[in-house]
């Protein structure tokens, strides 16, 4: 796993990369690198048969796990269930959680952590169509 660094940035954006998702190993947090102020995003990979080595709970932040590849089991409190590529799991505050890879190939996922109940307007209710020159 290489160290994250800003690839390019401006007053209103920062761009980094964790590299190719296929073959990604370990855990990488991106909040500090891009200067995010509303959430933490991390990429993680678990090898076959491996779980995160601890259960954990958050006091203020919910977590949203998006499974990019592989399959496994997810546990929230006393309830465990199967997950696989394409699964999205939201976990509320103040409850234990953990994730384990059960597929023959590693399981890669994204975890987005943000303050619970903080989402106000979003998508179209927060968007404004602007008149801007297209330079793509």
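The values are calculated or read from the model by the stated rules, or taken from the named source; none is laboratory data. These numbers were taken from a predicted model, which means no experiment stands behind them. Because the Cβ atoms are built from the backbone with ideal geometry, glycine has one as well, and the counts that use them run over all protein chains shown.
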request  = Go through segment 1-38 and count every residue that is loosely packed, with under 14 Cβ neighbours inside 10 Å, in contact with a helix residue (DSSP H, G or I) (Cβ under 9 Å, 6 or more places away or on another chain) and modelled with pLDDT of 85 or more.
outcome  = 4
Residue within segment 115-126 that is closer than 25 Å to residue 32 by Cα and part of a strand (DSSP E or B) present = yes
query = Within segment 86-95, is even one residue modelled with pLDDT of 95 or more, in a loop (DSSP other than H, G, I, E, B), loosely packed, with under 15 Cβ neighbours inside 10 Å and within 14 Å of the chain's Cα centre (by Cα)?
reply = yes
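Considering only segment 118-128, I want to know if a residue exists there that is surrounded by 10 or more Cβ atoms within 10 Å (Cβ to Cβ) and in contact with a strand residue (DSSP E or B) (Cβ under 7 Å, 6 or more places away or on another chain). Spell out the reasoning first.
Going through segment 118-128, the residues surrounded by 10 or more Cβ atoms within 10 Å (Cβ to Cβ) turn out to be 118-119.
Subset that is in contact with a strand residue (DSSP E or B) (Cβ under 7 Å, 6 or more places away or on another chain): none.
Checked segment 118-128: no residue is surrounded by 10 or more Cβ atoms within 10 Å (Cβ to Cβ) and in contact with a strand residue (DSSP E or B) (Cβ under 7 Å, 6 or more places away or on another chain).
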inquiry  = Report every pair of residues separated by at least 6 positions or lying on different chains whose Cβ atoms are under 8 Å apart, first residue within segment 9-20 and more than 13 Å from residue 31 (Cα to Cα), second at pLDDT 85 or above.
reply    = 9/15
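Confirm whether residue 60 is exposed (fewer than 10 other Cβ atoms within 10 Å of the Cβ) and either out of contact with any helix residue (DSSP H, G or I) (no Cβ under 8 Å at 6 or more places or on another chain) or closer than 30 Å to residue 8 by Cβ (or both).
Working: exposed (fewer than 10 other Cβ atoms within 10 Å of the Cβ): no; either out of contact with any helix residue (DSSP H, G or I) (no Cβ under 8 Å at 6 or more places or on another chain) or closer than 30 Å to residue 8 by Cβ (or both): yes.
No; evaluated as a whole, the condition is false for this residue.
What do you reckon, is residue 115 within 30 Å of residue 22 (Cβ to Cβ), within 16 Å of the chain's Cα centre (by Cα) and modelled with pLDDT of 90 or more? Before you say what the answer is, go through the steps one by one.
Details: within 30 Å of residue 22 (Cβ to Cβ): no; within 16 Å of the chain's Cα centre (by Cα): yes; modelled with pLDDT of 90 or more: yes.
No; evaluated as a whole, the condition is false for this residue.
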query = For segment 25-74, what are the residues that are in a loop (DSSP other than H, G, I, E, B), over 14 Å from the mean Cα position of the chain (by Cα), on the phi < 0 side of the Ramachandran plot and touching a residue at least 40 places away in the same chain (Cβ under 8 Å)?
reply = 25, 47, 48, 50, 52, 54, 55, 57, 58, 60
